[in-house]
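The values are calculated or read from the model by the stated rules, or taken from the named source; none is laboratory data. Computed from a prediction, not measured in an experiment: that's the story for all the values here. Don't worry about glycine lacking a Cβ; one is built from the backbone with ideal geometry, like all the others, and counts go over all protein chains shown.
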């Protein structure tokens, strides 16, 4: 907003700026703030005026939010994500009350005009306790105040029992301080409410450096997803020429979108979340074990077998007698591939619990890949249709399909019925 005041002026039609235009202004303002102390002061004053309800600032802020929201929604739609919006502004009317409550609890210390809360557990350099600033010396509030308000609201109003903060590793000290100050203030009790910080690494290029655009800036997510779709389309054309996949031409564009998003999600979720991973689209989209196409192909193969038996994916296990049928049809001796697959499928509940309790999606993602490997080995070694133990093997195939379907759904992956 300070940049608008200096360089653009109030007569400019801001509603005509798109996301790229606002991003350009944001970058220029950040660069200016780094070496212009006066501009930094102007920017802080703009924030303070906005927090105090200045109408002019509020109108500009609304325009920025609207453009941002439209851009985010396109990404959410691409990823199949549904979001209930709770931006910082949602809590702005609560900030004064939060600070007043902290003062009432005698947790506030005045330091150079700022209101702070000190904890004994968060230590900085030199062994001194680090303060959480909840109101700046100019009277403005910051992220810490908003985070405390959000914590209080989620527990008291939304009755949250488990709150997961998905924030990068660099914010670990801030979140540790938030959890401790929240406990001290009584906003939550560790006996009744679980708070977790799910830290995550970064995406790098093949050179191991952070993924960047041609301009040298960090690569926007939308551009990353667009690149993934182009790679998926090229990959599908190559696989079609080799005869490795069978997708109708009229379904190609939609299939490439699904494969691209699945590939991006699986590459991210199959990596231990606090580690960086290299973005290699050719590896993401190969038909070998470890790539999402391998998993999707295994599911499509299962769907094809079950379709021939008159079993559709939507009706998996609607017959409540299937456990009895499976036990009664089980042969006396199982092939080694059957044993491995059956044992792998039996492990699904334990793997799911482990993945959830440890907040480690990669556990479930890697299990999904392992199930696909086991099924493909079973299919290679054991004849399903037309064998003496056809009933058992069809039921085993059905069980594998159900587990794959559940895992893919939990990880946000969309299956293709044929490939």
### Message
Just to confirm my filter: which strands (runs of 3 or more DSSP E) fall fully inside region 88-146 and include at least 1 residues that are surrounded by 18 or more Cβ atoms within 10 Å (Cβ to Cβ), free of Cβ contacts under 8 Å to residues at least 24 places away in the same chain and over 34 Å from the mean Cα position of the chain (by Cα)?
### Response
114-123
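Can you give me the ranges of the helices (runs of 4 or more DSSP H) entirely in region 330-419 with at least 2 residues that are assigned by TED's automatic domain parsing to the domain that holds residue 304, under 19 Å from residue 268 (Cα atoms) and out of contact with any strand residue (DSSP E or B) (no Cβ under 9 Å at 6 or more places or on another chain)?
Details: elements: 336-346, 348-357, 361-381, 390-410.
Once the helices (runs of 4 or more DSSP H) in region 330-419 are filtered for at least 2 residues that are assigned by TED's automatic domain parsing to the domain that holds residue 304, under 19 Å from residue 268 (Cα atoms) and out of contact with any strand residue (DSSP E or B) (no Cβ under 9 Å at 6 or more places or on another chain), what remains is 348-357, 361-381, 390-410.
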#### Entry: Checklist (1) over 25 Å from the mean Cα position of the chain (by Cα); (2) closer than 22 Å to residue 403 by Cα applied to residue 295, failing item
(1)
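Output the helices (runs of 4 or more DSSP H) that fall wholly within region 246-311 and possess 1 or more residues being over 19 Å from residue 232 (Cα atoms) and at pLDDT below 85, or say none.
Passing ranges, in order: 292-308.
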#### Entry: Test: residue in region 344-356 that is under 25 Å from residue 246 (Cβ atoms) and either touching a helix residue (DSSP H, G or I) at 6+ places or on another chain (Cβ under 7 Å) or modelled with pLDDT under 90 (or both)
no
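Quick grid of which residues meet (1) in contact (Cβ under 8 Å) with a residue 40 or more places away in the chain; (2) more than 33 Å from the chain's Cα centre (by Cα); (3) within 30 Å of residue 257 (Cα to Cα):
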{"residue": "5", "(1), (2), (3)": "yes, yes, no"}
{"residue": "26", "(1), (2), (3)": "no, no, no"}
{"residue": "46", "(1), (2), (3)": "yes, no, no"}
{"residue": "54", "(1), (2), (3)": "no, yes, no"}
{"residue": "66", "(1), (2), (3)": "no, no, yes"}
{"residue": "70", "(1), (2), (3)": "yes, no, yes"}
{"residue": "77", "(1), (2), (3)": "no, no, yes"}
### Message
Take the conditions touching a helix residue (DSSP H, G or I) at 6+ places or on another chain (Cβ under 9 Å) and surrounded by 13 or more Cβ atoms within 10 Å (Cβ to Cβ) and apply them to residue 44. Does it pass?
### Response
yes
### Query
What are the residues in region 74-87 that are assigned to a loop (DSSP other than H, G, I, E, B) and over 23 Å from residue 182 (Cα atoms), if any?
80, 81, 82, 83, 84
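Every residue, every condition in (1) modelled with pLDDT of 85 or more; (2) part of a helix (DSSP H, G or I), yes or no:
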| site | (1), (2) |
| --- | --- |
| 3 | yes, yes |
| 7 | no, yes |
| 10 | no, no |
| 30 | yes, yes |
| 39 | yes, yes |
| 44 | yes, yes |
| 62 | yes, yes |
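Rundown of residues vs (1) in contact with a strand residue (DSSP E or B) (Cβ under 9 Å, 6 or more places away or on another chain); (2) surrounded by fewer than 14 Cβ atoms within 10 Å (Cβ to Cβ), yes/no style:
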| residue | (1), (2) |
| --- | --- |
| 230 | no, yes |
| 238 | no, yes |
| 241 | no, yes |
| 245 | no, no |
| 248 | no, yes |
| 258 | no, no |
| 271 | yes, no |
| 275 | no, yes |
### Message
What are the pairs with Cβ atoms under 7 angstrom where one residue, in region 183-194, is closer than 10 Å to residue 160 by Cα and the other, located anywhere, is in a helix (DSSP H, G or I)? Sequence gap at least six, or different chains.
### Response
188/151; 188/155; 188/182; 193/155
